[in-house]
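Just so it is clear, none of the values below were taken in a lab; they were calculated from the coordinates. Just so you know, these numbers come straight off a predicted model, no measurement behind them. Cβ atoms come from the backbone with ideal geometry, glycine included; neighbour counts cover every protein chain shown.
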Amino acid sequence: MTAADALLEVRSLTRRFAGVCAVDGVSFSVGRGQVHAVIGPNGAGKTTLFNLITGFDSPTVGEVRFEGHAVSGLPPHRLAGLGIGRTFQTPQICAELSALENVMLGAHLRLRRNPVAAMLRLGGIVQRDRALREKAAELLAFVGIGTSGDVPGRGMAYGDLKRLEIARALAAEPRLLCLDEPAAGLNPRETRDLGELIRGIADSGVTVMLVEHDMRLVMSLSQHIIVLNYGRKIAEGAPDEVNRDAEVLSAYLGVHG
Amino acid sequence: MLAEFLQFLFSGLTVGATYALAALGFTIVYNASNVINFAQGEFLMLGGMLAVFLLEIGLPSWVALPAAILLVAAIGVAVERLAIRPARDAEVVTLVIITLGVSLVLRGAIQMWRGTATHALPPFSGDTPIMVAGAALAPQSLWVIGVAAAAVALLWWFFERTRWGKAMVATASNRLAARLVGVRIEVVLMLSFALSAALGALGGIIVAPITLTSFDVGIMLGLKGFVAAVLGGLGSGVGAVAGGLLLGVLEAMAAGYVSSSYKDAVPFVVILLLFMFLPRGMFGAHAPERV
Amino acid sequence: MRLGSRGVGLAMTGIGLAILPLLLPNAFWYDLATRAAINAVVVIGLNLLIGYAGQISLGHAGFVGIGAYASAVLTSRLGWPPIAAMAAGALATAFLALLVARPILRLRGHALAMATLGLGIILSMIFTNESQWTGGPDGIVVRPFSLLGLAIAGERQWYWLCAALLLVTLWAAGNLVDSPFGRAMRALHTAEPAAKAVGVDPAAVKASIFVLSAVGASLMGSLTAHYVGFVTPQVASFLTSVELLTMVVVGGMASLAGSVVGAAVLTVLPQLLTRFEGAETAAFGLVLVATMIAMPRGLVPTLRERLGR
């Protein structure tokens, strides 16, 4: 894969926090239309890496390029405009809004955001809102919680909240969707359903990148895996390559040799 | 020139010492409970007003003044138990409003009881000014600074050397850990309010001979005390004292050299500038925010 | 908030406001109703900022003061037409709010409270000290209000004007809450990372709602100046800011109906207590404390919950 094909490029990305190097010189490329995973033991720097890519943190050294543009250090809302979406390890759902409205929030950048126009009902805001409601309902159905439209955020089950996050992220029509431990807290059946959902998303043309601990899910879903340990990339490749890599094994099992 | 400057410096340090005591009160309560007690200023007011009343009914000053302080400390405990404790886990907005409400209650009650007149406390040792390099220093100023310094020293001893003081420091640093080693958080909270109320009352009493007292002095004193606490870095005792003194001097200098009608604006201009450029204050203990 | 129920609520409020004059026995009550309506408009704006967007403002009366004094000074001392003076006040407020919005709204919690408090107090001091313009602590007389040559005079006309304004404000605020901007604003309150991740610019949204609610306060300040006929620095005082905050909080944060209820209750209540000096203040304080402890979400949301709606 040449640099020109890469959707996302991470070059020598480093993040230091007062003496601790959470991410240390990590470089890799993410190609379009596949499922990519970042794995590693606890504390390996996966979440920091994610935050660096999605704008919730800035690198000390190194850069992130998305579709050829340098994006490191840009705030998350700018990255959203460029086509990067994400979900969060702990679902960030607005409890006051209904499930449907939470999803509609995802389409924020596609709508007329001017408050004065909103107050006076100008510029077709109401009609577009109605159209958006339908699209949001479709997304809810797509992620498997189609019946929960009017339920307020605070009344939903944990597993449903995680799906809601995905629906909201999809409403923004991202080209790269970053999922932060989507299977955390889910039981095996829910995890299997999640895997099918993610496959469906990838099939629809969205490039997916996930941070995950559930190995079965990662191995079954991803075409490309990046392994981190102590902030450094120690392996990269297709699932079966990574599976047999000695360094990866020792990182996970503590076997030194 | 020098005389004028010294004059401003003295009056600045005097009122600054009061701000320092108010600021310490804020800091103690904030450290123990993460609450900014907007009613702190009313403790200063209550100290002065109650002292005036107790003197009026004939108590000798060596009884009246300490009694006033103890009464206000008791009121502080009552505030904690009745208004703060029931809402301890509420949002910041809620707690701000509750303490604002408490300050209204205290102020309104005193207004109903004593009206809106101003009262004076007699100076502790007469009012013949002492001349220092051409500047007139009121003896009460020395009392203010001296008593405040003694109070700070006593506080230091309390926090460093006594069991309850150390318990309070532990609670401020890590409440869960403190509870696990047996510190009774409820008592620490009551103590913190009692202490900050007493400090406030003391501050109000020692400065009353100079600035007079009435039912509404609490607002400004409290707000300025809060500014001083934030200036020094909310959560830092040293910072509170430094912030208070600095603020007092800044205010006096501004009143003397710039404009005396806007001197009360100085703390607020300072706080606005501070928040925009230095949210952690001079000694940066905690940034005054709850994320 | 579904559109259907919003329309019903609006219609019912409109009917209520139309019927109310039939129940008001005399000019005193007309006055109270008018003041309550004016307060309600300010409170709705403040509630959008505090209840929906999750910010805090302890100095909002300062903005009311800008509008009041702009109208007072420009009409009485410089002979401007009232509408122009009102617009000038609103513009000045918008300018100031824009200037301070971004630096101040970066702060949270107590820091934000303190910064807005400082702003309000500085404004109120300016109004008190610049007596050549503002008449100082004694205040300044204001010319009567007139719109394109038509004077508004008498308590009935003022009531209808303010009631109509209240209705329009409720309609506009409801539209705002249900719009993309409104959802972004509400998301910033409880799920800011998620909002950022979908493209909401927190600083811009917070600044916008801050400016909007400030301008609303200013416009109502201008109207109040003309209605009362007199402006003193009290209009911009810390205590007035606290009163406004109380109305938001007691009525119900993030509740438009609550804003109206809060404004109504807390405009009428003090009037019944003016016999005792200081009782008004203490009563306000007690209401605040009791409500925050027993009903932290305010009257209307708590009642809604209890009645299971």
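Of A:129, A:57, A:180, which has the largest mean-square fluctuation in a 10 Å C-alpha GNM of chain A?
Greatest mean-square fluctuation among the candidates belongs to A:129.
Given R₀ = 56 Å, FRET efficiency for residue B:273-residue C:228 by Cβ-Cβ distance, to 0.05?
For residue B:273 and residue C:228, the calculated efficiency is 0.95.
Using θ = phi - 60° and the Karplus form 6.51 cos²θ - 1.76 cosθ + 1.60, what ³J(HN,Hα) does each residue of the range A:192-209 get, whole Hz, x for Gly and Pro?
Those phi angles translate into 4, 4, 4, x, 5, 4, 5, 4, x, 5, 4, 5, 7, x, 8, 6, 10, 10 Hz.
Nothing charged except the Cβ atoms of Lys and Arg (+1) and of Asp and Glu (-1): what's the magnitude of the dipole of the range C:196-309 about its Cα centre? Round to the nearest 20 debye.
Its charge dipole is roughly 400 debye.
For chain A, what is the relative contact order in percent, using Cα pairs closer than 8 Å and at least 6 residues apart in sequence?
26 percent
Tell me, what is the FRET efficiency for residue A:219 and residue A:127 to the nearest 0.05, using R0 = 41 angstrom and their Cβ-Cβ distance as r?
0.35
Could you tell me whether the range C:185-309 comes out rounded, prolate or oblate from its Cα gyration tensor? Rule is a ≥ b ≥ c as square roots of the eigenvalues, rounded for a/c under 1.5, then prolate if a/b exceeds b/c, otherwise oblate.
oblate
Of the options A:124, A:107, A:206, report the single residue whose Cα projects farthest towards the positive end of the charge dipole of the range A:102-257 (beta-carbon charges: Lys, Arg +1; Asp, Glu -1).
A:124
What FRET efficiency comes out for the pair residue B:89/residue A:147, r = Cβ-Cβ distance, R0 = 35 Å, nearest 0.05?
Step by step, r from the Cβ atoms, then E = 0.55.
Can you find, among A:27, A:174, C:205, the residue farthest towards the positive end of the dipole of the protein assembly as shown? Put +1 on the C-beta of Lys and Arg, -1 on that of Asp and Glu.
Value: A:174.
Quick check: from the Cα gyration tensor, does the protein assembly as shown come out rounded (a/c under 1.5), prolate or oblate?
oblate
Shape call for the range C:121-199 from the C-alpha gyration tensor, a ≥ b ≥ c root eigenvalues: rounded (a/c under 1.5), prolate (a/b greater than b/c) or oblate?
In terms of gyration-tensor shape, oblate.
Can you give me the C-alpha center-to-center distance between the range A:38-68 and the range C:92-126, rounded to a whole angstrom?
36 Å
Anyone know which of A:169, A:95, A:136 comes out most mobile in the 10 Å Cα GNM of chain A?
Among A:169, A:95, A:136, the largest GNM mean-square fluctuation belongs to A:95.
What distance in nm lies between label points placed 7 Å from Cα along the C-beta direction at residue B:132 and residue B:164?
Inter-label distance under the simple model: 3.4 nm.
Given only helices, namely DSSP H runs of n ≥ 4 each adding -39500 (n - 2.57), what is the per-residue ellipticity at 222 nm of chain B, to the nearest 500 deg cm²/dmol?
Calculated at 222 nm, the ellipticity per residue is -23500 deg cm²/dmol.
May I ask you to list the aspartates and glutamates whose Cα is less than 16 Å away from that of residue A:162, ignoring any residue fewer than eight positions away on the same chain?
A:101, A:180, A:181, A:190, A:193, A:196, A:212, A:214
Loop only per DSSP, at most 15 neighbouring Cβ atoms within 10 Å: give me the trypsin sites (Lys or Arg not before Pro) in the range C:63-163, ordered by residue number.
C:77
Of the options C:117, A:6, A:70, report the single residue whose Cα projects farthest towards the positive end of the charge dipole of the protein assembly as shown (beta-carbon charges: Lys, Arg +1; Asp, Glu -1).
It is A:6, whose Cα lies furthest towards the positive end.
Are any of the pairs A:135/C:196; B:263/C:206; A:46/A:135 more than 26 Å apart by Cα-Cα distance, and if so, which?
B:263/C:206; A:46/A:135
When the helix-only estimate is applied to chain C (DSSP H runs of n ≥ 4, each -39,500 (n - 2.57), divided by the residue count), what is the mean residue ellipticity at 222 nm, nearest 500 deg cm²/dmol?
After summing the helix terms and dividing by the residues of chain C, the value is -24500 deg cm²/dmol.
If you find the alpha carbon centre of the range A:71-90 and of the range B:51-89, how far apart are they in angstrom?
The range A:71-90 and the range B:51-89 have Cα centres spaced 54 Å from each other.
In the neighborhood of residue A:105, defined by Cβ-to-Cβ distances under 13 Å, what is the net charge if each Lys or Arg adds +1 and each Asp or Glu adds -1? Each step should come with its number before you reach the end.
Values: positive: A:110, A:113, A:133, A:135, A:168, C:183, C:186, C:196; negative: A:96, A:101, A:129, A:165, C:178, C:192.
With Lys, Arg at +1 and Asp, Glu at -1, the neighbours total +2.
For chain B, modelled as a Gaussian network with Cα springs under 10 Å, which listed residue fluctuates most, B:23, B:201, B:252?
Between B:23, B:201, B:252, it is B:252 that shows the largest mean-square fluctuation.
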